[in-house]
Amino acid sequence: MQQIVSRLQLPLWLSLAVLAAFPLFELTFYTELLTKIMIMAIFAMSLDLLVGYTGLVSLGHAAFFGLAGYTLALIAPQYEAANLWLTLGVAILVSALAALVIGLFVLRTKGVYFIMVTLAFAQMFYFVFHDTDLGGGSDGLFLYFKPDAAIAGFKPFDLENTLHFYYFVLISLVVSYFLLCRILRSPFGHALVGIKTNEHRMQSLGYPVFYYKLASFAIGGSLAGFAGYLSACQYGFVNPEILSWHQSGSVLLMVILGGQGAFYGAAIGAFVFVLLQEFLSSLTKHWQLFMGVIIVLLVLYLPGGLRSIGPLLRASLLGKTANVKPPAGNDPPDIAQEESANDRSDSLH
Amino acid sequence: MSDTLLEARELHAYYGASHILHGVNFRVERGETIGLLGRNGMGKTTLIRSMLGLVSQRDGEVLVRGSLMTRAAPHLIARQGIAYVPEGRGIFPNLSVRENLVMAARAGVDGHYHWTYERILATFPRLAERLDNGGWQLSGGEQQMLTIGRALLTNPDLLLLDEATEGLAPLIRREIWKIIQHIQATGITTVIVDKNHSAILDISDRIVVLNKGQVAFEANSADARNQPGLLHRYLGV
């Protein structure tokens, strides 16, 4: 583990240095684009905790992202700036509670049923905001002022300032990354990895698997809420699209593209996905066609995701086989198959 | 406290449409070593998994330490001091050897830590050398030792070993059998499933033979040894 961490650290610190130095080039458009990408990276990492480490492939993760955005828009006063710390806390809390309640239901299912019920729950939220006046219907809500960071009269930074907002998001990304890594190194994180490998085995060791999955789902939901809050701040409006299944699908693609089972992989996925989207849509109206082809090719030829490029390149340069740690994966097919016979019947109960 | 640690009464189990166990009665008393025998597909693993609550479709009763736990969650049954070493090993490949061990550690039902991390490393010196290796980097024998070590760290009263020596080289097998004997000598009740019938007859007090999801016969190991005809009929040896 130690070895893997140190081998990784250099590229990570380098990327961080580039991100920290980027605004010095004074390219406002790209600074804002990077801000958006970093927000999506937080969102993708929150989903990777579920997909890559707990084995929960959720297709409804945008529900928590959107819910936090709407919470900010609904509780912010219309003609003055809201308090950042207060609204951020409330937004994350709402997402966490929603994840906890939804988790109580959806975690009783497995596999494809899990994908379907997470999707169904997210669609319920989508239609609540789309078809009722609660959040301004399909037009959404505007947020005329970015939240105010003042603490007892002292204002450490101003989110209205593009640069300040950029660095606030960058710090949020770094803090989220290290927080998630810390969680994974804890006994709780080890239990999640064990659950993904083989749930029955963890039960046999005396672990109440359901509650561990619920906790993971709630942590993932809260972090997605954090990203959703930042996103709503950046754009100054929310509409139902932020909790649509397109959004859930995009973030799942980011995780798969980058390589599930490593948080930096999810972040790489977010960078590549958003950049491709920007680049292709500037070339043609039919950008989704090309995007689809690229994704299919990447999944076919790089099943470990973009993060496996480094080890593969190093291996081919040194003429060795790549010594890639398997992704926090499942058991070999024979064991998995034997046990999935039970799982299938379990998921129907 | 009852002296029966684990008991199945008229246990039926199903995988989807297939009926695997047909009313099995099985009892494990404290302190004994039971050899569970039978050809492939006769329901040995299913019997163990059903008693542990890992097979959801089942009828009949499962009693743990005398209390009815048929519908209890698997982790609650495990916390009654029952450790399971599954077939096909069962390490967590993405965790290091140390992490694999530490995640299982807890006090036994009596509140004591008879098996500590240090004691496990003393029992399995090979593991002590490989603490920082990932589970995926271990050899088959080492993986098996890790699984057994992990099970012991839960400080169980009853250890269920399913095909612990399968797929291992003869030398390593012998080492695993020695370890099993060592564990047995510490007074832990054990149920052993294995294809090596003579090793099981040597080590166990009692054998139970399953045939087509039913108990075909059970006997003291000494008696069973004197009835080679029966063993031949059900096990083909």
Cut-off 10 angstrom, C-alpha nodes, Gaussian network model of chain A. Which of A:71, A:118, A:132 fluctuates the most? A:132
Once the dipole of the protein assembly as shown is set up from charges on Cβ (+1 Lys and Arg, -1 Asp and Glu), the residue from the list B:15, A:261, B:102 lying farthest towards its positive end is B:102
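What net charge is computed for the residues neighbouring residue A:269, neighbours being all others with C-beta under 14 Å from the C-beta of residue A:269, Lys and Arg scored +1, Asp and Glu -1? Please list the in-between numbers first.
Values: positive: A:307; negative: A:48.
Once all neighbours under 14 Å are counted, the net charge is 0.
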Once you put a point 7 Å from the Cα of residue A:152 and another 7 Å from the Cα of residue B:107, both along the Cβ direction, what distance in nm separates them? 4.3 nm
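Around residue A:239, with a cut-off of 14 angstrom between Cβ atoms, what is the net charge of the other residues, counting Lys and Arg +1 and Asp and Glu -1? It would help to have the intermediate numbers written out before the result.
Working: positive: none; negative: A:131, A:133, A:139, A:241.
So the environment of residue A:239 carries a net charge of -4.
Take each complete run of DSSP H in chain A, measure how far its Cα atoms stretch along the helix's own axis, and keep only those covering 24 Å or more with mean Kyte-Doolittle hydropathy at least -0.5; list them.
Values: long enough: A:2-21 (28 Å, 1.10); A:28-48 (30 Å, 1.18); A:84-106 (32 Å, 2.57); A:111-131 (30 Å, 1.35); A:162-185 (35 Å, 1.54); A:209-235 (39 Å, 0.87); A:263-283 (30 Å, 1.62).
For chain A, where a helix must reach 24 Å along its axis and average at least -0.5, the hits are A:2-21, A:28-48, A:84-106, A:111-131, A:162-185, A:209-235, A:263-283.
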Using a 7 Å offset from the Cα along the Cα-to-Cβ direction at both residue A:313 and residue B:4, what is the distance between the two label points in nm, to one decimal? 6.6 nm
FRET efficiency (residue A:24, residue A:100; Cβ distance; R0 35 Å; to 0.05) is 0.25
Considering lysine pairs in the protein assembly as shown that are 8 or more places apart or on different chains, how many have Cα atoms under 19 Å apart? 10
Three-way shape label, chain A, alpha-carbon gyration tensor, a/c 1.5: oblate
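As a test of the formula, what do you get for chain B when each DSSP H run with n ≥ 4 contributes -39,500 (n - 2.57) and the sum is divided by the residue count, at 222 nm and rounded to the nearest 500 deg cm²/dmol?
Numbers: 10 runs with 81 residues, N = 237.
Result for chain B, helices only: -9000 deg cm²/dmol.
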Return P(r) of the protein assembly as shown (all Cα-Cα pairs; 10 Å bins starting at 0; whole %; ordered from short to long distances). 3, 16, 23, 21, 16, 12, 6, 2, 0, 0
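Do the sum for chain A: with -39,500 (n - 2.57) for every DSSP H run of n ≥ 4, divided by all residues, what is the mean residue ellipticity at 222 nm, to the nearest 500 deg cm²/dmol?
-23500 deg cm²/dmol
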Between residue A:295 and residue A:171, Cβ-based FRET efficiency (R0 22 Å, step 0.05) works out to 0.10
Dipole of the protein assembly as shown (Lys/Arg Cβ +1, Asp/Glu Cβ -1, origin at the Cα centre): which of B:121, A:291, A:223 lies farthest to the positive side? B:121
Point-charge dipole on Cβ atoms (K/R +1, D/E -1) for chain A, about Cα centre, debye to 20: 1020 debye
Give me the one-decimal Kirkwood hydrodynamic radius in Å for the range B:4-235, with the sum taken over alpha-carbon pairs. 18.0 Å
Can you give me the long-range amide H partners of residue B:11? Hydrogens built in the peptide plane at 1.01 Å from N, cutoff under 5 Å, separation of 5 or more residues or another chain. B:23, B:24, B:25, B:61
Let's test the formula: R0 of 35 Å, r as the Cβ-Cβ distance of residue A:145 and residue A:284. What FRET efficiency results, to the nearest 0.05? 0.45
Compare the Cα positions of A:244, A:73, A:113 along the charge dipole of chain A (+1 at Cβ of Lys, Arg; -1 at Cβ of Asp, Glu; about the Cα centre) and return the one farthest towards the positive end. A:113
If each of residue B:223 and residue B:59 carries a label point 7 Å out from its Cα toward its Cβ, how far apart are those two points in nm? 3.0 nm
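FYI, it's all coordinate maths here, none of it is from the lab. What you see is a predicted model; the values in this text were computed from it and never measured. Counting neighbours? That spans all protein chains shown, and the Cβs are built from the backbone with ideal geometry, glycine included.
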